[in-house]
There are 2 protein chains.
Amino acid sequence: MLTSTSDPLPSWRAGATRQAITEFVQRVTADGSPELVAREERVAVFDNDGTLWCEQPMPIQLDFILRRLAAMADHDPSLRTRQPWQAASTRDHGWFGEVVTRHYQGDDRELPVLAAGILQAFGGITVEDFEAQADGFLRSAQHPTLGRGYLACAYRPMVELLGYLEANGFANYIASGGGRDFMRPISQEVYGVPRQRVIGSSTALAWEPGEGGGRIVRRPELDVGNDGPEKPVRIWSRVGRRPLLAAGNSNGDLPMLQFAGQPGRPGLRLLVRHDDPVREFDYTAGAEQALQQARANGWTVVSIDRDWATVF
Amino acid sequence: MLTSTSDPLPSWRAGATRQAITEFVQRVTADGSPELVAREERVAVFDNDGTLWCEQPMPIQLDFILRRLAAMADHDPSLRTRQPWQAASTRDHGWFGEVVTRHYQGDDRELPVLAAGILQAFGGITVEDFEAQADGFLRSAQHPTLGRGYLACAYRPMVELLGYLEANGFANYIASGGGRDFMRPISQEVYGVPRQRVIGSSTALAWEPGEGGGRIVRRPELDVGNDGPEKPVRIWSRVGRRPLLAAGNSNGDLPMLQFAGQPGRPGLRLLVRHDDPVREFDYTAGAEQALQQARANGWTVVSIDRDWATVF
């Protein structure tokens with residue numbers, strides 16, 4: 001536990017949520033605590049979209065993909081009559097929403113069309129070229145309604161929490177359903193999370209021999225879809241330990257939240273609740289089961305409206 | 001560069017190999033060096049079998065697997081007439097050798113039989129149970145000819161090299177064709193490499209919900225076979241950077257060795273040559289192309305006979 005007198009969590013309002021966090025950190029880190037956890041076991045995992053930065057009106061990466069699909073259709077007119085390029089080039093964002101909604105309703109007839117388009121959008125390029133594209137987009141594009149650049153859409157209280165945990169010996173990992181290689185160029189700067197601690201979805205990669213150490217190129221196939229029950233698997237695969245703390249905001253984070261903590265060891269589960277239509281967004285769609293499980297299990301629900309003095 | 005007067009590499013004899021290592025580290029770490037590399041970019045990757053510990057007369061993990069297959073056949077007589085259990089229970093190690101030799105000759109008819117047996121041998125158990133089995137084996141089993149326990153089969157000069165690199169700001173990763181979860185229980189103790197920096201082959205895993213955070217169980221399917229061109233892919237996937245230094249000993253390490261270093265940045269490639277029949281083993285089988293490439297490209301060949309004052 002830090003003994004500095006300066007508040008490490010200034011954007012968190014006093015209350016039960018803030019207290020749950022600081023008491024948990026005290027329990028697992030204070031010298032002499034009966035529940036002291038060795039430093040190397042202090043692993044914390046964070047979902048990204050909707051947990052560390054905002055995901056409305058659409059996930060930031062979807063904006064990146066739509067712009068790329070539209071640019072492809074600009075360049076190749078034959079794509080303009082094929083999905084998903086048609087929807088992207090006519091700014092028909094409703095089509096994307098419908099595909100996703102139908103997916104959650106069990107109808108996946110259109111999903112392969114969308115997935116194939118997304119995978120083709122960045123297929124065949126090197127990981128360095130993809131990183132440059134993602135980096136350029138994230139540093140230049142503006143959020144459509146919040147009046148700020150995307151890199152300024154990270155939640156300040158969560159960035160403070162990451163710093164507070166790190167100062168108390170935790171290793172923070174991002175465990176996102178979003179693309180691993182999309183987040184890596186900015187994870188250190190925005191979150192203080194180094195790129196080797198970013199776990200996310202990924203496309204298949206292939207190494208091709210050649211000058212200068214060869215190239216790693218993106219293949220138009222999914223490698224890992226890091227959501228739901230895959231999150232604990234990929235956390236284990238990367239870290240080799242169970243997390244002590246997990247933070248998420250949606251049903252896809254439920255397995256990861258359940259996975260945090262082991263029998264006989266303290267664990268903290270944080271569920272961010274989007275209930276602030278003025279400063280951020282107000283929605284529970286896609287989080288119904290997670291909120292129900294949080295109530296049933298006594299997990300800590302973080303209300304953006306009540307618990308955060310500042311959002312960004 | 002460490003300025004301590006004590007020799008960080010006492011098991012390395014003076015000579016061109018040792019000098020190549022220390023000069024490389026000096027070039028990329030010394031204040032004011034024109035080739036100084038930022039600390040977070042100092043990534044070193046090491047193959048395990050034959051590079052960090054011995055792999056003759058058979059890879060250590062193969063001994064672990066054979067004992068498990070034999071135990072299964074002891075318990076279930078119907079397995080004793082089926083491969084690979086028959087060969088394991090009759091100690092017919094030649095059968096295993098033939099399958100592998102035929103594989104390198106392009107005949108993979110028997111390989112699925114072996115692979116299926118290996119995957120079934122540990123299928124359905126939790127990652128914690130597998131770790132306990134691997135840990136127990138590694139701490140108790142003896143090398144068949146060297147008169148030492150397996151944990152004492154790590155090469156002392158390589159362990160010193162790992163420590164020397166770490167002291168100079170490098171992050172060392174193991175990038176092995178062997179099983180990631182087989183090495184993790186001992187990687188910190190034997191090599192000073194923490195478990196999150198162990199990259200290796202892996203079986204598919206599945207998270208199952210349940211009390212105490214649920215279970216992660218091994219499925220009888222290969223997830224990643226981390227050899228050859230897959231090594232650069234998995235290094236990139238885990239680390240998100242190209243390595244500055246790579247060390248291997250066989251043809252399967254060639255892509256990883258080629259991958260180390262980027263255009264305009266220094267890189268060091270080490271190839272361990274097994275040429276010491278007295279203290280270790282003398283063989284080039286499976287390393288022919290690697291040795292040829294090392295000569296052609298001026299990589300640093302580490303002769304166990306000439307460069308190491310002490311092997312274990």
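The values are calculated or read from the model by the stated rules, or taken from the named source; none is laboratory data. In this text the structure is predicted, and so the values were computed from the model without any measurement. Methodologically, a virtual Cβ is constructed for each residue, glycine included, from the backbone with ideal geometry; neighbour enumeration extends over all protein chains shown. Heavy atoms of the whole protein, side chains included, go into the accessibility calculation; ligands, DNA and RNA do not. Shrake-Rupley method; radii C 1.70, N 1.55, O 1.52, S 1.80 Å.
Observations
- Residue in region A:279-293 that is farther than 29 Å from A:PRO229 by Cα and in contact with a helix residue (DSSP H, G or I) (Cβ under 9 Å, 6 or more places away or on another chain) present: yes
- Some residue of region B:52-63 being farther than 25 Å from B:MET183 by Cα, among the charged types (D, E, K, R) and touching an Asp or Glu at 6+ places or on another chain (Cβ under 9 Å): no
- Residues that are over 18 Å from B:VAL43 (Cβ atoms), in a loop (DSSP other than H, G, I, E, B) and either modelled with pLDDT under 95 or open to solvent by less than 10 Å² (accessible area, probe 1.4 Å) (or both) within region B:264-297 comprise B:ASP276, B:GLU280, B:THR284, B:ALA285, B:GLY286, B:ALA287, listed in sequence order.
- Taken over region A:5-31, the residue count meeting the criterion of being of a type in the set (Val, Ile, Thr), touching a residue at least 24 places away in the same chain (Cβ under 8 Å) and out of contact with any Gly (no Cβ under 8 Å at 6 or more places or on another chain) is 4.
- Matching residues in region A:193-212 - criterion: being at the interface with another protein chain (Cβ under 7 Å from one of its Cβ atoms) and modelled with pLDDT under 95: A:GLY212
- The single condition from (1) in contact (Cβ under 8 Å) with a residue 24 or more places away in the chain; (2) crowded, with 16+ Cβ neighbours inside 10 Å that A:ARG67 fails is (2).
- Some residue of region A:160-172 being acidic (Asp, Glu), within 20 Å of A:VAL239 (Cβ to Cβ) and open to solvent by 10 Å² or more (accessible area, probe 1.4 Å): yes
- Residue in region A:32-40 that is open to solvent by 50 Å² or more (accessible area, probe 1.4 Å), in contact (Cβ under 8 Å) with a residue 24 or more places away in the chain and not in a helix (DSSP H, G or I) present: yes
- Every residue from region A:221-263 that is more than 7 Å from every other protein chain (Cβ to nearest Cβ), buried (at least 22 other Cβ atoms within 10 Å of the Cβ) and more than 17 Å from the chain's Cα centre (by Cα): A:LEU244
- When A:GLN120 is tested against the conditions (1) away from chain B (no Cβ under 14 Å); (2) farther than 16 Å from A:ARG68 by Cβ, the lone failure is (2).
- Annotation: of all residues in region B:188-220 being of a type outside the set (Lys, Arg) and part of a helix (DSSP H, G or I), the one that is surrounded by the fewest Cβ atoms within 10 Å (Cβ to Cβ) is B:GLU211.
- Residue that is modelled with the lowest pLDDT [pool: residues in region B:94-151 that are over 27 Å from B:ALA206 (Cβ atoms) and of a type in the set (A, V, I, L, M)]: B:VAL100
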